[in-house]
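Here the structure is laid out as structure tokens; the discussion comes afterwards.
The values are calculated or read from the model by the stated rules, or taken from the named source; none is laboratory data. Remember, predicted model here, so these are calculated numbers, not experimental data. We place every Cβ from the backbone using ideal geometry, glycine too, and count neighbours over all the protein chains shown. Remember, those area values only see protein heavy atoms, side chains included, never the ligands or the DNA or RNA. Shrake-Rupley method; radii C 1.70, N 1.55, O 1.52, S 1.80 Å.
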Amino acid sequence: MTTRIGTDVLVNCPHCEKPALASVLGEALDDSCDDGPPYLLELVRCGKCQKPYLTVEEDYGDGWDGEPGVLWPQQQRPLSVHVPAELQRTHSEARRCFSAKAYTATAVMVRRVLEAVCVEQGMVIEATGRRPKPLFKMLEEMRDQGKIDGRLFEWAQELRSLGNQGAHYSSTLVTREDAADGLALAEALLDYLYVLHAQFNMFKARRKHERDYEQLRREVPLPEARNDGVDPWLSANTGSPTPSET
């Protein structure tokens, strides 16, 4: 193999997040084929931001594909702890498929994320039997119950269609761009259902507490003012200890 050191390769830089020519500073080849295809590691430096990163290419019999994937640094943010563990595992597997350039498998796993969301949300059993509902029916029920709005329902249906494209053989391949967008939209759906929804509920509860507190202050007479730094209304109505009681 001819060395690439000193040449440029086109890669999506993980630092500036844009396609850029990167100079190859060093490389290492493993063609032992003991547990997978030959792979080529390259240490490169972005021609735009000048930051280094590590890429990998694999040879499945047709030579190097010319589309190196970034091994380090990883730019994918972890999912929130509010996302159920099973959904985190499923989405993580979809990410691993994408990192391996298995874009068809990525689309299938994105569809699996959708189905897992619907099951976790309780859209499971037909009214007249025990068979799981078709995915499009579960998504419709999610919309009808107000768990997702019209725009998210449209996103989910497109992801379902992408997953079907990956799951059923055809001459139409799942592109890298479609797989990347599918992953991003699936993550946005998880954020909406399990992160933003929980955050909004906490926001509403806090606002309600503040309004209730102000309402009580207006309705309950205010005790005489104190000069010991303790809120007289709070001490009189909530049982908070006074300085002499602590």
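Please find, within the range 211-230, the residue that is modelled with the lowest pLDDT out of those that are exposed (fewer than 10 other Cβ atoms within 10 Å of the Cβ) and either outside any helix (DSSP H, G or I) or not basic (Lys, Arg) (or both).
Here the answer is Ala225.
Take Thr90 and decide whether it is polar (S, T, N, Q) and within 20 Å of Asp178 (Cβ to Cβ).
yes
Does Val70 count as among the aliphatic types (A, V, I, L, M) and either modelled with pLDDT of 90 or more or out of contact with any Phe, Trp or Tyr (no Cβ under 7 Å at 6 or more places or on another chain) (or both)? Steps first, answer last, please.
On the way: among the aliphatic types (A, V, I, L, M): yes; either modelled with pLDDT of 90 or more or out of contact with any Phe, Trp or Tyr (no Cβ under 7 Å at 6 or more places or on another chain) (or both): no.
The answer is no for Val70.
Taking Ala22, is it of a type in the set (Gly, Ala, Ser), open to solvent by 40 Å² or more (accessible area, probe 1.4 Å) and within 31 Å of the chain's Cα centre (by Cα)? Don't jump to the end; show me each part of the working.
Details: of a type in the set (Gly, Ala, Ser): yes; open to solvent by 40 Å² or more (accessible area, probe 1.4 Å): no; within 31 Å of the chain's Cα centre (by Cα): yes.
It is false that Ala22 is of a type in the set (Gly, Ala, Ser), open to solvent by 40 Å² or more (accessible area, probe 1.4 Å) and within 31 Å of the chain's Cα centre (by Cα).
Return the total of residues in the range 30-66 being open to solvent by 30 Å² or more (accessible area, probe 1.4 Å) and modelled with pLDDT of 90 or more.
10
Can you say whether Ala184 is assigned to a helix (DSSP H, G or I), touching a Phe, Trp or Tyr at 6+ places or on another chain (Cβ under 6 Å) and either closer than 30 Å to Phe98 by Cβ or of a type outside the set (Ser, Thr, Tyr) (or both), as far as the supplied structure shows? Reasoning before the result, please.
On the way: assigned to a helix (DSSP H, G or I): yes; touching a Phe, Trp or Tyr at 6+ places or on another chain (Cβ under 6 Å): no; either closer than 30 Å to Phe98 by Cβ or of a type outside the set (Ser, Thr, Tyr) (or both): yes.
Here the answer is no, as Ala184 does not meet what is asked.
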